[in-house]
Amino acid sequence: MSRVAAIVLAAGEATRFGSPKQRLLLPAVLERLAEAPVDEIVVVAGAYELDAPGSTRALRVVSCRTWAQGPGASLRCGLGALEDDVEAVVVVLADGPHLSPRAVERVLDDWQAHGGIVAASYDGARGHPLVLGRDAWSRVPDEGLRDLPVRLVPCDDLGAPGDVDTEEDLETL
């Protein structure tokens, strides 16, 4: 298999949180991705400037001027920053600090076996990480991948990555 990249969507305004939650949560997500089977990590920034803390893997931050158009626009910025030898991307959110590296491995294994777009599920609900091959990159709408059909891979045993939208969510985690 060619290379696999992870794209961390961290471009949002975090209005419900009240401050740039990406700066607070991104280090935990990057630590988890450093243990996952990906060759490089691209963080997509938008509303706020972000720094990439040190990592043992190729890690860079790309700025997306079109981030306000939606998560799909941010994802396309990340995809556009990848080299031609990247065959698939693992998409994760910067506000999911409990991302399991094993969930990344599990959805990648399923994608390698069956192709398509693959997403982790928790209690039957679609979640992250999500994997899509290069053949699907041109179909990413501004609103993101939410409405595109995916194959779900149960990851209940690994725990959901979390979804921090408010300070109360952070306290609950």
Q: Determine the relative contact order of region 42-167: mean sequence separation of Cα pairs under 8 Å and six or more apart, normalised by residue count, in whole percent.
A: 28 percent
Q | Placed amide H near Leu59: partners under 5 Å, 5+ positions off or other chain | A | Ile41
Q | Whole-Hz ³J(HN,Hα) from phi, Karplus 6.51 cos²θ - 1.76 cosθ + 1.60, for region 37-49, glycine and proline x | A | x, 10, 8, 8, 10, 10, 9, 9, 9, x, 5, 10, 6
Q: With a 1.4 Å probe and every protein chain kept in, tell me what percent of the accessible surface of region 15-153 is carbon plus sulfur.
A: 47 percent
Q) Which order do Tyr122, Tyr48 take when ranked by solvent-accessible area (1.4 Å probe, heavy atoms of all protein chains), largest first? A) Tyr48, Tyr122
(Q) Taking θ = phi - 60°, what integer Hz values does the Karplus form 6.51 cos²θ - 1.76 cosθ + 1.60 yield along region 140-153, in sequence order, with x for Gly and Pro? (A) 7, x, 3, 6, x, 8, 3, 8, 7, x, 9, 9, 8, 10
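The values are calculated or read from the model by the stated rules, or taken from the named source; none is laboratory data. Just so you know, these numbers come straight off a predicted model, no measurement behind them. SASA here: full protein model, heavy atoms, side chains in, ligands and nucleic acids out. Shrake-Rupley method; radii C 1.70, N 1.55, O 1.52, S 1.80 Å.
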